[in-house]
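For reference, the structure discussed in these notes is given below.
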Amino acid sequence: MSKTLIVYGTRFGATEKSSEVIASVLREKFNHEVDVIKLSSQSGDIDYTDYDNVIIGSSLAMFSWTKRPKKFLKNDFGEKKIFVFISSAALTYQAKLDGNMEKYEKWKNRFLDNVVKKRMKVKPVSTMVLGGWIKNNKGGYDLNNWNEEDAINWAEEIGQNT
């Protein structure tokens, strides 16, 4: 049985929801033992040594990652299989929805792949941009392009590569 750790940072909850969906697919379809940790609710370092796979997720808002996942990228993961995703309600994911793959690849490279490359000692097995949402102060959404099917599909890719 493969052991997988999912750590994430979220602003409006989309990254948390994606993490839960990914965990569910890995547990049910691939028989993984999965722990999910919201980094902002933890004090101190996270012990990832007993895991075979580590998935790191962050929301992207105003072109910025949440702090703790960005810092977590700097760990020395050794031989572990690493997967990294961001949740982006605007720019990056929206370009994909609009069918503008050139723009999508440009933004993905800038806000995901380059961030990962600068901070990680190992190359991740896979990186992904998932949709997100931005809530307004009235309890509704200013933008919501989160899609559960995208999280399921990426989780299946992870399961096949672990």
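Give me the pairs: first residue in segment 111-128 and closer than 23 Å to GLN94 by Cβ and in contact (Cβ under 8 Å) with a residue 40 or more places away in the chain, second residue among the small types (Gly, Ala, Ser) and outside any helix (DSSP H, G or I), beta-carbon distance under 8 Å, and six or more apart or on different chains, which are they?
PHE111/SER88
So which residues in segment 98-119 are in contact with a Phe, Trp or Tyr (Cβ under 9 Å, 6 or more places away or on another chain) and not charged (D, E, K, R), if there are any at all?
TYR104, TRP107, PHE111, LEU112, VAL115
Go through (1) under 21 Å from ARG11 (Cβ atoms); (2) surrounded by 15 or more Cβ atoms within 10 Å (Cβ to Cβ) and name the single condition ASP142 misses.
(2)
With (1) surrounded by fewer than 20 Cβ atoms within 10 Å (Cβ to Cβ); (2) out of contact with any Phe, Trp or Tyr (no Cβ under 6 Å at 6 or more places or on another chain); (3) over 19 Å from LEU26 (Cα atoms); (4) not hydrophobic (A, V, I, L, M, F, W, C) as the list, and LYS135 as the residue in question, which single condition is left unmet?
(2)
If you go through segment 65-86 one residue at a time, do you hit one that is assigned to a strand (DSSP E or B), of a type in the set (Gly, Ala, Ser) and within 23 Å of VAL34 (Cβ to Cβ)? Spell out how you get there, then give the answer.
Our first condition is that a residue be assigned to a strand (DSSP E or B); within segment 65-86, this holds for 65, 81-86.
From the residues that got through so far, the ones that are of a type in the set (Gly, Ala, Ser) too are none.
No: zero hits.
Would you say THR92 is at pLDDT below 90, among the β-branched types (Val, Ile, Thr) and surrounded by 15 or more Cβ atoms within 10 Å (Cβ to Cβ)?
Working: at pLDDT below 90: yes; among the β-branched types (Val, Ile, Thr): yes; surrounded by 15 or more Cβ atoms within 10 Å (Cβ to Cβ): yes.
Answer is yes for this residue.
Could you list, in sequence order, all residues of segment 4-52 that are in a helix (DSSP H, G or I) and over 14 Å from the mean Cα position of the chain (by Cα)?
Here is the first cut: in segment 4-52, the residues in a helix (DSSP H, G or I) are 14-30, 39-41.
Passing the criteria: SER24, VAL25, LEU26, ARG27, GLU28, LYS29, PHE30, SER40, SER41.
Enumerate the pairs (first residue in segment 15-37 and over 15 Å from ASP52 (Cβ atoms) and touching a residue at least 40 places away in the same chain (Cβ under 8 Å); second residue anywhere and in a loop (DSSP other than H, G, I, E, B) and not acidic (Asp, Glu)) with beta-carbon separation below 7 Å, excluding pairs fewer than 6 apart on the same chain, so at least 6 apart or on different chains.
As it stands, the answer is LYS17/TRP146, since those pairs meet every condition given.
The values are calculated or read from the model by the stated rules, or taken from the named source; none is laboratory data. Please read these numbers as outputs of a predicted model, since none were measured by experiment. Glycine also receives a Cβ, built like all others from the backbone with ideal geometry; neighbour counts cover every protein chain displayed.
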